[in-house]
Amino acid sequence: MTAATAVPAGSPAPQPTLRLYDSAARTVVPLAPTVTPGVVAIYLCGATVQGSPHIGHMRSAIAFDVLRRWLERQGQTVVLIRNVTDIDDKILARSAAAVPPVAWWAWAQRHEREFDAAYRALGVAPPTYEPRATGHLPEMISLVTRLLERGHAYTGEAGNVYFSVASLPGYGSLTNQRPEDLTSTEDPQQEDQEDTEADKRDPRDFALWKAARPGEPQDAAWDAPWGRGRPGWHLECSAMSHRYLGEEFDIHGGGIDLRFPHHENEQAQSHGAGWGFARHWVHNAWVTIKGAKMSKSLGNSLTVAELLRSHDPVVLRLAMGTVHHRSTVEFSEETLSEAASLWERLTGALTRAQEVCGDLESTDQAGLRRLALPEAFAAAMDDDLNLAGAMAQVHACLKRLNTALTQMGHGRAGDAASTGAADDVPTGVTTVRQIALELRAMLDVLGLDPFSDPWRSCLAGATGATSGSDAAAHALDHLVTDLLDQRAQARAAKDWARADALRDALSQAGVVVEDSPAGARWHLS
């Protein structure tokens, strides 16, 4: 069986043919889930809900959504855990600095809801479970106790508990660093800046538990055998991955900026506890603006909510989700314009195919996943999710579909010339349906099937314009439709001069009119 072949219902799950770049091994390796055959268990570091989500936060969510879709396409059951960090230094600081100040838990909840809305807007499927840090204090306290008993942790004078880096042979293996070359293993934003946690025995040790501090909210601390306090930043993920995925699981993922110190310290905690932890590490690259990593500290953050006021969510998804997960995404208006243009070409062709076939949209996701995919597309996806190679097959399929539609008289003016289509492409309704479903099946893997629930309202030609706010699109559609009605009346009366004048006026305004047997459609040029 190849990855391009659908998995028959009721068949045993095949071994996945996917090969992924493992950040720990620093090479591409076969993904071979052995903990539970047929099940791929993934832990993905989710949001620290200190503020509103920007488009950079969505990179991991979209990249791992594509990974999940491809594994499911190969017949695997995917268990995806994506945590929410709802208690940490940054949340406490930002909620206290708000005007007026806001309770830390209310601040976290507000931004957790914003993240949830952003995920849904961009078509990211919900995780299997989405645990919050504050809901797993017993598991964290149990893990700290285990590390103390095994000699990998100690209690400081102030009631903090630290992991002893020197106690664990192999610390630094994830990021290929030697402990003796390190001066710290903490994120500066997570340290006590007043005394740099002076009760550490070694400055390279990191916090497992932070003692309650004067001035912090009383409800931001929990009782523990070594004193009242709250968990360290790294502790939560080790505790929650163990709670939901067990002592060993298949993939740990997240942004490349989390490799050190966060993921290195997660691994150290879990190995110190005697757990196998993650068998593979997968990291995605950043989103950049003019070459700089998108972050709040650089002042170049673009919130998802703000972007959605002026861009369709599917265009954001396409721009972010069709770049290899280990390559940076250069985010700009040019990037979005190119994505919008491609989306219009894809949806335009599929809308015309629907007019030809009549029942194209009746095939749901389950039906699409029973279809065989092009071998070259499957080979590209199996090659570390090579989206450049996969998108080459999407473009080739779009070219074939446009040619078949043109030969049936349903193409847009210039389609055949612009695509460079061959003359020997077969025509007919059956051929159009076959090519269109193949295109939809590939787009489904990428989370971009235009007939799926998130994107139906964005179909080109379905309701008119595909960009801008809903109100603006509705108004523009009303005005253009009225002019098209006037043009239809002029054509019916054989007033060709007025019909041409109306079309020219629309063209000058950037509206392209397409005549088809089903009537006139329009889209923005």
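Computed packing ranks the peptides 48-54, 439-445 as 439-445, 48-54, most packed first, by mean other Cβ atoms within 10 Å. Against the chain, whose longest principal axis comes from its Cα atoms, helix 470-492 is set at around 10 degrees. If both residues of a DSSP beta bridge must be in the chain, then about 50% of such bridges are antiparallel.
The angle separating the long axis of helix 104-121 from the principal Cα axis of greatest extent in the chain is about 30 degrees.
Could you give the length gained by full extension between TYR129 and ALA32, i.e. 0.36 nm per residue of separation minus their alpha carbon distance, to one decimal place? Provide the component values of the computation, followed by the final result.
Numbers: separation 97, 0.36 × 97 = 34.92 nm, distance 2.27 nm.
In short, 32.6 nm is gained.
Hey, of [x] 3, 14, 17, 14, 11, 10, 9, 6, 4, 3, 2, 2, 2, 1, 1, 0, 0, 0; [y] 4, 18, 27, 25, 16, 7, 2, 0, 0; [z] 3, 17, 25, 22, 15, 10, 5, 2, 0, 0, which did the structure itself give for P(r) over Cα pairs in 10 Å bins from 0, in percent when calculated? Computed from these coordinates, P(r) over Cα pairs in 10 Å bins from 0, in percent corresponds to label [z]. At a Förster distance of 35 Å, what's the computed FRET efficiency of ASN176 paired with THR303, Cβ-Cβ distance as r, to 0.05? Taking R0 as 35 Å, the efficiency between ASN176 and THR303 is 0.50. Distance between the modelled labels on ASN386 and ARG150, one decimal in nanometres: 4.0 nm (7 Å Cα→Cβ projection). What angle do you read, to the nearest 10 degrees and between 0 and 90, between the alpha-carbon axis of helix 496-508 and the longest principal axis of the chain? That helix lies at roughly 20 degrees to the long axis. Can you spot the lysines whose alpha carbon is less than 29 Å from LYS90's alpha carbon? Ignore those fewer than 8 places along the same chain. Within the straight-line cut-off, LYS90 pairs with LYS200, LYS210, LYS290, LYS293, LYS296. If a spin label sat at a point 7 angstrom from the Cα of VAL429 along the line to its beta carbon, the backbone N atoms of segment 348-367 nearer than 19 Å would be those of 350-364. Kirkwood-type hydrodynamic radius, segment 191-266: 14.4 Å, calculated from all non-identical alpha-carbon pairs.
Can you list residues whose amide H is under 5 Å from ALA24's amide H, if they're 5+ apart or on another chain and H is modeled 1.01 Å from N? Excluding prolines and chain starts, which carry no amide H, the hits are TRP281. Modelled label positions at TRP496 and SER184, each set 7 Å beyond Cα in the direction of Cβ, lie 7.8 nm from each other.
Each residue, ALA396 and VAL39, gets one label point 7 Å from its Cα in the Cβ direction; the gap between the two is 3.8 nm. Taking the average, over residues, of other Cβ atoms within 10 Å as the packing measure, peptides 127-135, 279-287 rank 279-287, 127-135 from highest down. Taking the average, over residues, of other Cβ atoms within 10 Å as the packing measure, peptides 91-98, 116-123 rank 116-123, 91-98 from highest down.
Where a number appears in this text, it was derived from the coordinates with a stated rule and is not lab data. Being a predicted model, the structure only gives us computed values, none of them experimental. Here Cβ is always computed from backbone atoms with ideal geometry, including for glycine, and neighbour counts include all displayed protein chains.
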